[in-house]
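Here's the structure we're looking at; comments come further down.
The values are calculated or read from the model by the stated rules, or taken from the named source; none is laboratory data. Because the structure is predicted, anything quoted here is derived from the model rather than measured. Accessible surface areas use protein heavy atoms only, side chains included; no ligands, DNA or RNA. Shrake-Rupley method; radii C 1.70, N 1.55, O 1.52, S 1.80 Å.
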Amino acid sequence: MSDRDNPRSLVEIMNDVLSTVREHYDSEYVYYIEKEYEDIDVIYEWCAKHVPWQRDKIKMLPKDQRPRWMEQEITDTTEDSYSVFRRLDENTVAILAAVGVHRGGCEVDLLRSVLAYLPEAITLQKLQKQQEYLSYHDKLTGLYNRNSFVSYTTDINPDELNSLGAVSVDINGLKNFNKEFGRDYGDEVVIRVGEVLEEYFHTANVYRMTGDEYLVLVENITYEEFMKQVHGTYTKLDNISLGLASLGCAWEKIDMNFKNLAEQNENWIIEQRRYFHAHPELSFEEKNTTGQIGKLLEEMGLTPHYYPDYNGLWAMIEGGKATPESKTVALRADIDALPVDEHTGLAFCSQNPGVMHACGHDCHIAMLLGGIRMLMAQKEDLKGNVKIIFQAAEESCHGAQYYVEHGFLDDVDAIYGTHIWGELDAPYMNFESGPRMASCDNFRIEIEGVSSHGSTPHQGVDAILTAAYIITEIQAIVSRMNDPLNPLVVTVGKIEGGQRFNILADKVVLEGTTRTHSPEMRKKTEPLLRRIAENTAVSMGAKATLTFEYFPAPIINEHEDLVLIARNAAAKMYGSDCLKPFPKMMISEDFAYYMEKVPGVFGLVGSQNKSLGITAKNHNDHYTVDESVLKRGAAMYAQFAYDFLEEKSK
């Protein structure tokens, strides 16, 4: 092997150069120093025989004790020490000095000539070292080396890992083996072990960490497949390594966390929210909204399914690890707006006069689209299917009923829904067991009396007075017929009746709503209303007819396993502090139609941020949201679906 194949080290080169300089000046010492400001960063020394080394002492000297040759050039050849300086940059100076010169009268030209090249030599050596460090392959085996492993640990994306297997192989006693049988034979063993690892772990990263140690990292592999490869490797190594190789292994499943993916998609999610906010459509009129969502789903590689006589659409993500026995989880977002004139002043405010996304359904659309985008990135790892519904007409109180009646849930095992909420502070979320929202049932009472002149009320039957008694009496349902621990609302919100100030009304119509968290009380409310209305009317000589319409049932998170999956998903991504209690409410949500058919869980994403002036509540003409929470809502859609399928596949 020629000298060119084994280049000398920088220390060897510097020693040769400084030795030559010392001999030329017959000095006791020669120093090469680089000072940055007043700190010595680089120092090389060569001294005469029988003269003690001073480099460490020189480097540690305080500035006021340093020799004169280190602080200024000395070019007077009558002095006992010479030094020349060269500025390398604004803050750094190089010094070459001959100290304790015995041959007087020499010129300093040699010092200047040598100083011109030494900094460049040091710089080139540093670059060479960097190149060696950045060499990611072992010379003997051609496999990855330790530098590659460091790079792997730096660049790895945890979001892309579902599992990680590791195999460690040690070639025991390799040094003694080399001494006894020769280095070449030992190298053959090393090479052959590497070849076996590549053979059995051909999709993995194989690293030669040291001369006698290998490490194998296998991403996204099942435990069964991993152990199969480990067993094959062990058997093969036992046959070819003369008993020198020992093997250890470990495998771990890594929980999928969508937090980072959501952050990467945040701008896109916000962009979608702003588009849909600017283009709101009322219940049963969401044609363009449906079309735009379908277009985005197609861009993600999904097939949107439309309804011939109804707005909204659905799609299915078929998991890469799904089997005929796998579960299907549904994710729902509502898409309709409200008949409200917007006064938010947003740059992307409604372009449709009199229509506004004042309930946050624009956010629901964007969050679910973001969740779908993330799930599609992990599609091959899904252990089941994810069915998506973008639902029309939630504000009608019964938009969801259509999809249930048309079979959307027939192949669904559970459903997840959420609502962005103006009374819950951002960025908190809420997933609690038990009642969360009330039922919403509406009633209409028609009262028939007999008209007469206002001056002769005894000749008629006053429908208005009868209505007044009925309104008063039905409140007894709340105060006397209902358990006081159970929230119940019976509200008359509209009265129509009468023709003229001096005519007894012969007809009055009352319209109202009932709300409760109790399914049992909900069943009792209609007959109680009917009995009170009819009997009160009879007592007044009138007639009352009740029409009762059932709309959404109460939202009750009664499936503890689903609540736990949702809470754990939130805590996994954002810590348990992201969950905040929130009282149950008397408003309603037609998500209940789905929950009557299949197990479901419903939660809240807070949108209020007082520090940003975002305080308006849902259905207000100034309602808007802290958009930083949208990525959380999107991540929850994806994380819940992924974790549900993982949990139910066990």
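Overview of results
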{"quantity": "For the chain: accessible area per residue (Å², 1.4 Å)", "calculated": "49 Å²"}
{"quantity": "Cα-based equivalent ellipsoid, segment 210-263: semi-axes from gyration tensor eigenvalues, Å", "calculated": "32, 14, 7"}
{"quantity": "Reach of LYS287 by Cα under 17 Å, taken over lysines that are not fewer than 8 positions away in the same chain", "calculated": "LYS295"}
{"quantity": "Kirkwood hydrodynamic radius (C-alpha pairs) into Stokes-Einstein, segment 1-104, 25 °C and 0.890 mPa s, D in µm²/s", "calculated": "168 µm²/s"}
{"quantity": "Under 23 Å from LYS175, Cα to Cα: lysines that are on another chain or at least 8 residues apart", "calculated": "LYS139, LYS236"}
{"quantity": "At least 20 Å along the helix axis (C-alpha) and Kyte average at least 0.5, DSSP helices within the chain", "calculated": "361-377"}
{"quantity": "Which label in [x] 35.7; [y] 34.3; [z] 47.3 gives the computed mean projected area of the Cα convex hull in nm²", "calculated": "[z]"}
{"quantity": "Of LYS321/LYS580; LYS523/LYS543; LYS379/LYS610; LYS327/LYS524; LYS228/LYS259; LYS523/LYS631, pairs whose Cα-Cα distance is over 31 Å", "calculated": "LYS321/LYS580; LYS379/LYS610; LYS327/LYS524; LYS228/LYS259; LYS523/LYS631"}
{"quantity": "222 nm mean residue ellipticity, helices alone, for the chain (DSSP H n ≥ 4; -39,500 (n - 2.57); rounded to 500)", "calculated": "-11000 deg cm²/dmol"}
{"quantity": "Whole-percent carbon and sulfur share, accessible surface of the chain, 1.4 Å", "calculated": "49 percent"}
{"quantity": "Size descriptor, Kirkwood hydrodynamic radius, that averages inverse alpha-carbon separations across segment 191-328, Å", "calculated": "20.3 Å"}
{"quantity": "Ranking by accessible area, most exposed first, for VAL355, VAL30 with a 1.4 Å probe", "calculated": "VAL355, VAL30"}
{"quantity": "For GLU285, solvent-accessible area (1.4 Å; no DNA, RNA or ligand), Å²", "calculated": "110 Å²"}
